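The block underneath contains the structure these notes are about, expressed in structure tokens.
The values are calculated or read from the model by the stated rules, or taken from the named source; none is laboratory data. Every value quoted in this text rests on a predicted model; they were computed, and no experiment measured them. Cβ coordinates were reconstructed from backbone atoms using ideal geometry, including for glycine residues, and neighbour counts include every protein chain displayed. To get the accessible areas, we keep the full protein, side chains included, count just its heavy atoms, and leave off ligands, DNA and RNA. Shrake-Rupley method; radii C 1.70, N 1.55, O 1.52, S 1.80 Å.
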Amino acid sequence: VALHTRGRYRADTVQCDLPALFVFFTGETRDTLFAGESMLPLTTHCDRSAPYEQYLLKEYWAYRIYEALASESLRVRLVRMTYRDAAGRLDSFERYAFFTEHFESLARRHGVTVRPKGVFDPRTADPAQVATFDLFQYAIGNTDWSAIKGHNVLLVESDGLVTPVPFD
């Protein structure tokens, strides 16, 4: 695999010891859990302290809850990751992390089209899906999103109806 950092806030601040990552599969993935994937986002803990691992697990469970509420949701897979310092200066340690389905994989799975970021007219949306999305965001206390601006919201379209899908 090859790794690349993702997410501006965590990568650009001193707030986080470990950025979120993109994992690029450079070898053959056939007959593995990652069959057919070329890249997946990996969400990691921000800091080594125990509360940050709990934040990560809460985010993972938020994805799983939304998966139970809405058919068009991103799948996630929890992993136990071992981190090793290639230079050998730091001791190895283990933490939870999770992979998130790629947007295009969700689109293929549901036969939908991913809409460009920030192109959302609420009048074209499925009212039931928007209500589910909005109530979910409220229930988990998330205020860091905007369907209109395309912030932490994936928009997918099928048969002229747009559905918001939460992420991050």
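Share of the chain's accessible area from carbon and sulfur, percent, 1.4 Å?
53
May I ask you to give the solvent-accessible area per residue for the range 27-141, in square angstrom, as obtained with a 1.4 angstrom probe?
62
Run the helix sum for the chain: -39,500 (n - 2.57) per DSSP H stretch of 4+ residues, divided by residue count, reported at 222 nm to the nearest 500 deg cm²/dmol. Write out the running numbers ahead of the final one.
Details: 4 runs with 46 residues, N = 168.
The per-residue figure over the chain is -8500 deg cm²/dmol.
Is the range 95-140 best put as rounded, prolate or oblate by its Cα gyration tensor, with a ≥ b ≥ c the root eigenvalues, rounded for a/c under 1.5, and otherwise prolate when a/b is larger than b/c, oblate when not? Spell out each step's value before the answer.
Details: a/c = 2.15, a/b = 1.22, b/c = 1.76.
Since a/c reaches 1.5 but b/c is at least a/b, the shape of the range 95-140 is classed as oblate.
Answer rounded, prolate or oblate for the range 17-108, using the Cα gyration tensor with square roots of eigenvalues a ≥ b ≥ c: rounded when a/c is under 1.5, else prolate when a/b is larger than b/c, else oblate.
Because a/c hits 1.5 or more and a/b fails to exceed b/c, the range 17-108 counts as oblate.
How far, in nm, would the chain grow between residue 140 and residue 84 when pulled straight, counting 0.36 nm per residue and subtracting the alpha carbon separation?
16.8 nm
Mind checking the full-extension length gain between residue 38 and residue 96? Use 0.36 nm per residue of separation minus the Cα-Cα distance, one decimal, nm.
Between residue 38 and residue 96, full extension yields an extra 18.7 nm.
So, R0 is 25 Å and r is the distance between the beta-carbons of residue 22 and residue 65; what FRET efficiency does that work out to, to 0.05?
Calculated transfer efficiency: 0.55.
Between residue 49 and residue 1, take the C-beta separation as r, use R0 = 35 Å, and let me know the FRET efficiency to the nearest 0.05.
The formula returns an efficiency of 0.85 here.
For the range 61-168, would you read off the P(r) tail past 21 Å as a percentage of all alpha carbon pairs?
41
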